[in-house]
1. Working carefully through the options 268, 241, find the one that is touching a residue at least 40 places away in the same chain (Cβ under 8 Å) and more than 30 Å from residue 60 (Cα to Cα).
2. Looking for something in the same structural domain as residue 277 (by TED's automatic domain parsing), outside any loop (DSSP other than H, G, I, E, B) and at pLDDT below 95 - is there at least one such residue anywhere in the range 136-150?
3. If residue 19 satisfies every condition in (1) in a helix (DSSP H, G or I); (2) under 19 Å from residue 306 (Cα atoms); (3) modelled with pLDDT of 95 or more but one, which is the exception?
4. For the range 26-64, which positions are among the small types (Gly, Ala, Ser) and either at pLDDT 95 or above or surrounded by 16 or more Cβ atoms within 10 Å (Cβ to Cβ) (or both)?
5. Take the range 287-320 and flag every residue that is within 17 Å of residue 244 (Cβ to Cβ) and assigned to a helix (DSSP H, G or I).
6. Report yes if residue 33 is in contact with a helix residue (DSSP H, G or I) (Cβ under 8 Å, 6 or more places away or on another chain) and not assigned by TED's automatic domain parsing to the domain that holds residue 139, otherwise no.
7. Give me a count of the residues in the range 22-47 that are under 18 Å from residue 156 (Cβ atoms) and assigned to a strand (DSSP E or B).
8. Looking at the range 116-135 only, could you name the residues that are modelled with pLDDT of 95 or more, within 21 Å of residue 174 (Cβ to Cβ) and outside any loop (DSSP other than H, G, I, E, B)?
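The values are calculated or read from the model by the stated rules, or taken from the named source; none is laboratory data. Source: prediction; values computed, not measured. Please note: Cβ atoms are built from the backbone with ideal geometry, for glycine as well, and neighbour counts cover all protein chains shown.
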Amino acid sequence: MTLRVPLEALPLELHARHGRLRDYFCDKDAEASLDGSGWRLELAWPNAPERHVDTRIQEVLADWGRISLSSMAMARCRSGRVLTALYDTWTLPSWSEWADRAKPAANDPITILHIDDHRDLGSPRLVVDDDGFRDLITGRLFDVRDPSSVRSACESGAVGMGSFMTPFLWEFASCDVRHLGQAPKISETVDHAIERPTVVDDLLAPGSERPAINLLQASSPGPGRFRATDDLSAWLEDIGPGPILLHVDMDYFNNRYDGDGDWPDRFPRLDPPITEVLARIDAVAAALRQAGVVDRIVDAVVAYSPGFFPAEMWRPADARLRSALPELYE
């Protein structure tokens, strides 16, 4: 994928330019070269081993058909109600496919059970225009209710790991989001109201508005709210009627790397041993059963998050999830 931006859009200094592009494109690598009076940008999924902080990723890709590092972003497979992926970007296409089948109204109650070490509420590289949303990378129209357009935006990098939830919350205003996290990032129960502002793009379409999410302090969970908690009981209490969408980013259980090459120097960090990871999977599954919500889950996505959740834990964690919640995989 090739894009062009004006000369003044990027710093001339190499490291500053690299940081600017990494912050903007997030999951994809962007290589910039001078091209006449501007910059030529070449976008690609990361393929170099040094780009991946977890040195054991290539060992376990045998379980995924020995795909290349650059193919991880597209890797996914479905079993029953569960889509298993490497990048949790694919949560949005899975939910889009459900919405296409179920045809929920914009204000229908939907509960999102979000198990993750991150909020995933960033601003995707979509622009708000008269037709709805448009992909800033390809120029194609984007509609949460159109799975093909959502898949295209995930493939282009317009929607990424940290921003996949934002378009869904713009489309379905009555979502009750329950975010389960762990210390050090989450260590108490906090409720927020979901606000849908826009932010101004500053690279591909300067001045154009992009969808965003703000969280405002609130006193309780419910439709249009976002509860973040480390407590399993608080996570599932007082869930209202309607379908439930489950998202499991495995970095909730262990986020040793957090995408950071300097991870050995980062303290505190969420890095329990595999025995504790498996015990926590059992605890989450038991909480879901006790709350009586497993049968209400209409779609689930489990993402293994290379560079966040340690690769040597992928296989045993997957086996434990399948044994703990077998009906979701049937």
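1. 241
2. No.
3. (2)
4. Across the range 26-64, the qualifying residues are 30, 32, 33, 38, 44.
5. Once the filter is applied, which keeps residues that are within 17 Å of residue 244 (Cβ to Cβ) and assigned to a helix (DSSP H, G or I), the range 287-320 yields 287, 288, 289, 290, 294, 295, 296.
6. Answer is no for this residue.
7. Total meeting the criteria: 9.
8. 128, 133
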